[in-house]
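For reference, the structure is listed below as structure tokens.
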């Protein structure tokens, strides 16, 4: 086991925070060392200082991608924080249906992880619009910083146990059973989701049109206050008036530092 010194951890933590916004506290040192140990061995690095040199000198982005895949936590599940999806279905969609005159509904799942969140949103949208769905553009943008987790999301394969919390009609209408253990999201839902790699720490968000809905849940828990404030302000700038921001229930916004208006726990709105 290659141990990481305090100096090396500080250097690595600063690199990760500066590039990806993830704030690694001192107590994460053992976790970081464990997750990266095999990477160092594969790269023939004798210590973390040698690994940092490789990381900084690499111009291909390959090492940075590998690092973030190892460091990022991608724990999620279907219907996580169900109250959000109920509010999205019962309040947000009816309001936006009446306000979006060009029938171009723009939804962003930021930090989509293995795809459960955007898939859930797509199924709700399909149910809500029903026979009118074809008259709307309801493509959902799903982004994450990790290549490996995006590949998993794109594949759309989940264990039947993972799907057990979903309504029976969803499992029947939106999934194809592969075998006794696994099912796959069907093409109808896949076609409604656009997966892209995206770093929320980018200075500017290059979106041509603004969003009506942004889900960014359980992502900002890894950011310090300044990073979180900057990100929320960027969300505000790329959102249509009347749009909704959903964050994790363990997260909150400082109302003095944001223009978003509080709606209910972990739900905010741009006036």
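The values are calculated or read from the model by the stated rules, or taken from the named source; none is laboratory data. It should be emphasised that the depicted structure is a prediction, and the values quoted were computed from it without experimental measurement. Quick reminder, even Gly has a Cβ in these numbers, built from the backbone with ideal geometry, and neighbours come from all protein chains shown.
Inside region 124-148, can you point out the residues that are under 30 Å from residue 70 (Cα atoms) and either over 18 Å from the mean Cα position of the chain (by Cα) or part of a helix (DSSP H, G or I) (or both)?
Here is the first cut: in region 124-148, the ones under 30 Å from residue 70 (Cα atoms) are 139-148.
Of everything in region 124-148, those that are under 30 Å from residue 70 (Cα atoms) and either over 18 Å from the mean Cα position of the chain (by Cα) or part of a helix (DSSP H, G or I) (or both) turn out to be 147, 148.
Taking region 6-106 as the region of interest, the helices (runs of 4 or more DSSP H) fully inside it that hold 1 or more residues being farther than 30 Å from residue 270 by Cβ are 6-20, 29-42, 48-57, 62-71. Of the listed requirements (1) in a helix (DSSP H, G or I); (2) crowded, with 18+ Cβ neighbours inside 10 Å; (3) touching a residue at least 60 places away in the same chain (Cβ under 8 Å); (4) touching a helix residue (DSSP H, G or I) at 6+ places or on another chain (Cβ under 6 Å), residue 112 misses just one: (1).
When you go through 54, 93 one by one, which is the residue that is outside the structural domain of residue 184 (by TED's automatic domain parsing) and either at pLDDT 90 or above or farther than 19 Å from residue 145 by Cα (or both)? Talk me through it step by step, then tell me what you get.
Working: 93 fails: outside the structural domain of residue 184 (by TED's automatic domain parsing).
Going through 54, 93 in turn, the sole match is 54.
Of the residues making up region 189-204, those that are modelled with pLDDT of 95 or more, over 11 Å from the mean Cα position of the chain (by Cα) and surrounded by fewer than 16 Cβ atoms within 10 Å (Cβ to Cβ) are 191, 194.
Checked against the criterion of being surrounded by fewer than 21 Cβ atoms within 10 Å (Cβ to Cβ) and at pLDDT 95 or above, region 245-257 has no qualifying residue.
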